[in-house]
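Step one of this worksheet: look at the structure below.
The values are calculated or read from the model by the stated rules, or taken from the named source; none is laboratory data. Just so it is clear, the model here is predicted, and its values are computed rather than measured. Here Cβ is always computed from backbone atoms with ideal geometry, including for glycine, and neighbour counts include all displayed protein chains. SASA here: full protein model, heavy atoms, side chains in, ligands and nucleic acids out. Shrake-Rupley method; radii C 1.70, N 1.55, O 1.52, S 1.80 Å.
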Number of protein chains: 2
Amino acid sequence: MLNFDYRNPTHIVFGKDRLAELDQLVPANARVLVTYGGGSVKRFGTLDKVITALGDRVVFEFGGIEANPKYDTLARAAELARRESIDFLLAVGGGSVMDGTKFIALAAKFDGDSSSLLHHGFNPVPVTEVLPVGTVATLPATGSEMNAFAVVSHQGGKFPVTHPQSFPVFSVLDPSLTFSLPKIQVANGVVDSFVHVVEQYVTFPVDARVQDRMAEGILKTLIEVGPVTVAEPENYNARANLVWSATSALNGMIGSGVPADWTTHMIGHELTAMFGIDHAQTLAVVLPSVWRVRKEQKRAKLLQYAERVWDITSGDEDSRIEQAIAATQAFFEQVGLKTRLRDYDVPQERIADVVAALEAHGMTALSETGDLGLDSSREILELAW
Amino acid sequence: MLNFDYRNPTHIVFGKDRLAELDQLVPANARVLVTYGGGSVKRFGTLDKVITALGDRVVFEFGGIEANPKYDTLARAAELARRESIDFLLAVGGGSVMDGTKFIALAAKFDGDSSSLLHHGFNPVPVTEVLPVGTVATLPATGSEMNAFAVVSHQGGKFPVTHPQSFPVFSVLDPSLTFSLPKIQVANGVVDSFVHVVEQYVTFPVDARVQDRMAEGILKTLIEVGPVTVAEPENYNARANLVWSATSALNGMIGSGVPADWTTHMIGHELTAMFGIDHAQTLAVVLPSVWRVRKEQKRAKLLQYAERVWDITSGDEDSRIEQAIAATQAFFEQVGLKTRLRDYDVPQERIADVVAALEAHGMTALSETGDLGLDSSREILELAW
């Protein structure tokens, strides 16, 4: 097992009918900025319930945080927070709203050009004061509700941002708030969560048994409940298991003491930025090819994945690995996502542009061992086409 | 899945050679009280390394915290902390030292008779200020390094104590610090951790799939590494997996959203208080009989446990359940613990005294459904004899 640090102070408030507790969770007398996205939280009444729960606190609203939230939008919200002396941010929405609000919390207290905060990668941004953020999560997918990471889009790139104080203070996770989501967003959430897990699991063995078994447990849960929760949106238990899987996938627990390979996310980010393909759909496209191209480096864990997650035990090693990759791809298709780049109308000749973008963003040494170069990325994209 | 709250702010510092980081983890200028037990941390040099890492901070020491720490001992330490204006407590030891230090942290800031803090059960004690506690955990077993609970002994009883601020600020878990433990203490740790998991798992089903799979994952890990780490104390990976299993068993994660049945611990506490049997050994004695007596109430989860943890799939339901209970008992014996009450020289006629003690301590409605009365406790003890 590798040495590790684990710390996650977010208070999870999970279950039915928990929104009224916002009154206890948000500091009394706080000046609150409620942030949200495209208006579905208005349409389905969630925003009204949130505002009601906040009682007589001074509440401002900032809507319109888009999918893959843009720096310019977030900078406007930070300016509002500064102008109105906001002291608590409450994000109501999915990963984009939560990520965006974490950035607002950093930018609102930052003197200087906050776009400079986009250029620190996975290192903490140099900010000394951060506004506290709470969330009401309405889309199970990104894990943002229980981690300190955000991804912000700016000038054609997607930039990770983090800080030790970027964990939400609390996150209210009421699975029934997600019943009204479009099927495709639920399917995206299933695949996004699944890929988060395997990126921390299908690497090389370090004898981290609890983490491996936990990862396998989340994967098996997603395989069991994914198709059910897409087909039956109001099945509470299925949705509750998806919500907790999504959170558990990226709260740091399964990633403690093991290597991680974020190649799929890094290549996927470029596909979203360049072609506007949904984040999870880029992952469904890229992952199978990453595994095929990196079969030798990942052989031991791919075999473990085949046996423990898919019960594949017959055939020689290469056959078992290919069966597991095919089963994964079939699972993504089963919940409703296409898994070939051509399915998303990307011309094969644009692959060169994607590789150029990877190069421009410094993504030239990906993988758990830092040796996946642009040639391999090209091979992955060709194979995924 | 049941509604739940999960919050655990402890910073885990896991791995080899982490002690020097105490200098960053403990606040600069803190007046530190280092607490420990019977002296093995002195003998094996851990205490020296801790003191060295604390540099030029003002450091006091309080040793002699016994197994099943006594209120009177802890009250003396609290008095010392108060007298010397201590502002940080650093527990170096196993569960008893960590539990005891959590109590010192509460008592040191409490005006009045701190023995009154023993009578709040699992409700938070009425204390407004709590000294911060860090730990250097030298025995993988109780999970105290990453939860807000303590158990304190007083006048023949064992009393749970908790407070929202009783989570350690940090816990340094270096598996190699545990290499020098006597074999029996390691075996005790394996069994204590195992029982913590099943008490949150072998109850009744609530469709909490991630939690169930995580529980099963910890159990399988303990079954795999338990005998190895008892036999090979300096096998780092085996010990590291035991340490992380022990912490994961009782940090709240697998217990979120599921029922729990602490019957085995409650009956076990009386056996420790009355006969001085090691805590884990009381659990090894009591658990199999709890399951046999409560077979009907736990049928579905016992069958799931048999299949998923022990791969038992042949025979009718009752046979599969009995096979699983026998396998569990054999596992406890395999790591080195006896599993019959008579093995610990308890006369059968003293069972009546144990039942009387349970009654005196209000333990008359145990189990996940609160319907396990004194007659069932007597039946469990007779069966366990």
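Starting from a label point 7 Å past Cα on the Cβ side, list the distances from A:Gly370 to the same position in the other copies, nm, shortest first.
5.6
Could you tell me whether the range B:129-277 comes out rounded, prolate or oblate from its Cα gyration tensor? Rule is a ≥ b ≥ c as square roots of the eigenvalues, rounded for a/c under 1.5, then prolate if a/b exceeds b/c, otherwise oblate.
Rounded is the answer for the range B:129-277, as its axis ratio a/c remains below 1.5.
Could you give the angle, 0 to 90 degrees to the nearest 10, between helix B:95-107's Cα long axis and the longest principal axis of the Cα atoms of chain B?
Between helix and principal axis, roughly 60 degrees.
Looking only at Cα atoms, what is the convex hull volume of the range B:11-177 per residue, in Å³? Present the calculation step by step, with values, prior to reporting the outcome.
Values: hull volume 16.3 nm³, N = 167.
Each residue corresponds to 97 Å³ of Cα convex hull volume.
Taking the convex hull of the alpha carbon atoms in the range B:183-384, what volume per residue do you get, in Å³?
On the way: hull volume 22.4 nm³, N = 202.
Dividing the Cα hull volume of the range B:183-384 by its residues yields 111 Å³.
Ignoring ligands, DNA and RNA, what percent of the 1.4 Å accessible area of the range B:186-249 is carbon and sulfur? Can you show the working numbers first?
Working: 630 of 1200 Å².
That fraction is 53 percent.
Measure out, as a whole number of angstrom, how far apart the alpha-carbon centroids of the range B:351-372 and the range A:191-256 sit.
The two parts, judged by their Cα centres, are 39 Å apart.
Taking the axis that carries chain B onto chain A, what is the nearest Cβ in chain B, and at how many Å, to the whole number?
Axis relating chain B to chain A; nearest Cβ residue and distance: B:Pro9, 2.
Taking amide H positions as placed in the peptide plane 1.01 Å from N, state which residues far from A:Arg7 in sequence (5 or more) or on other chains have amide H under 5 Å from it.
B:Ile12
Tell me, rounded to the nearest percent, the portion of alpha carbon pairs in the range A:159-224 spaced more than 17 Å apart.
It works out to 62 percent of all Cα pairs.
Cα centroid distance between the range B:69-123 and the range A:107-161, in Å?
If you average the Cα positions of each part, the centres end up 40 Å apart.
Around A:Thr138, which amide H atoms from residues at least 5 apart in sequence, or from another chain, sit under 5 Å from its own amide H, with H modelled in the peptide plane?
Those lying under 5 Å, H to H, from A:Thr138 are A:Gly93, A:Gly94.
List the distances, in nm to one decimal, from the label point of B:Gly38 to the label points of the same position in every other copy, shortest first, placing each label point 7 Å from Cα along the Cα-to-Cβ direction.
6.6
At 7 Å along the Cα-to-beta-carbon direction for both A:Ala360 and B:Arg342, put a label point, then send me their distance in nm to one decimal.
Here the modelled spin labels are 8.1 nm apart.
Taking a probe of 1.4 Å and counting only protein heavy atoms, give the total accessible area buried between chains B and A in Å², rounded to the nearest 100. Write down the numbers at each step before the final one.
Details: alone 15600 and 15580 Å², together 27560 Å².
Interface area, both chains combined: 3600 Å², rounded to the nearest 100.
Where the convex hull is taken over the Cα atoms of chain A, what is its projected area averaged over directions, in nm²?
Details: hull surface 70.7 nm².
Value for chain A: 17.7 nm².
Rounded to the nearest 500, what is the 222 nm mean residue ellipticity of chain B from helices alone, with -39500 (n - 2.57) per DSSP H run of 4+ residues and division by all residues?
On the way: 14 runs with 176 residues, N = 385.
Mean residue ellipticity, 222 nm, calculated: -14500 deg cm²/dmol.
Between copies, how close do the B:Ala300 label points come, placed 7 Å along Cα→Cβ, listed in nm from shortest?
Going from nearest to farthest copy, the values are 3.9 nm.
Assuming 1.306 mPa s and 10 °C, estimate D for the range A:1-101 with Stokes-Einstein, Rh taken as the Kirkwood radius over Cα pairs, in µm²/s. Don't jump to the answer; show the numbers that get you there.
Working: Rh = 14.8 Å.
Reported coefficient: 107 µm²/s.
Using the Cα centre of the range B:11-177 as origin and beta-carbon charges of +1 (Lys, Arg) and -1 (Asp, Glu), tell me which of B:Phe170, B:Leu118, B:Leu25 is placed farthest towards the positive end of the dipole.
Most positive-ward Cα: B:Leu118.
Non-local amide H neighbours of B:Lys109 (under 5 Å, H modeled in plane, Pro and chain starts lacking H): which ones?
B:Leu131
Take the range B:108-189, drop everything but the C-alpha atoms, weight them equally and run the Debye formula without solvent; then report log10 I(q)/I(0) at 0.22, 0.25, 0.26 Å⁻¹ to two decimals.
-1.08, -1.21, -1.24
Tell me the volume per residue, in Å³, of the convex hull enclosing the alpha carbons of the range A:323-385. Can you show the working numbers first?
On the way: hull volume 6.6 nm³, N = 63.
Dividing the Cα hull volume of the range A:323-385 by its residue count gives 105 Å³.
Kindly report the accessible area of chain A per residue (heavy atoms of protein chains, probe 1.4 Å, no ligands, DNA or RNA), in Å².
Numbers: 13770 Å² over 385 residues.
Result: 36 Å² of accessible area for each residue.
Can you check how the C-alpha radius of gyration of the range A:210-320 compares to 2.2 N^0.38 Å, as a plain ratio? List each step's numbers first, then the result.
Working: Rg = 15.5 Å, N = 111, 2.2 N^0.38 = 13.2 Å.
Rg over 2.2 N^0.38 Å, computed on Cα atoms: 1.18.
Hey, what angle do you get for helix B:317-335 against the long axis of chain B, alpha-carbon based, 0 to 90 degrees rounded to 10?
So the helix axis and the longest Cα principal axis differ by about 40 degrees.
Along each of its three principal axes, how wide is the spread of alpha-carbon positions in the protein assembly as shown, in whole angstrom units, largest first?
That works out to 83, 62, 49 Å along the principal axes.
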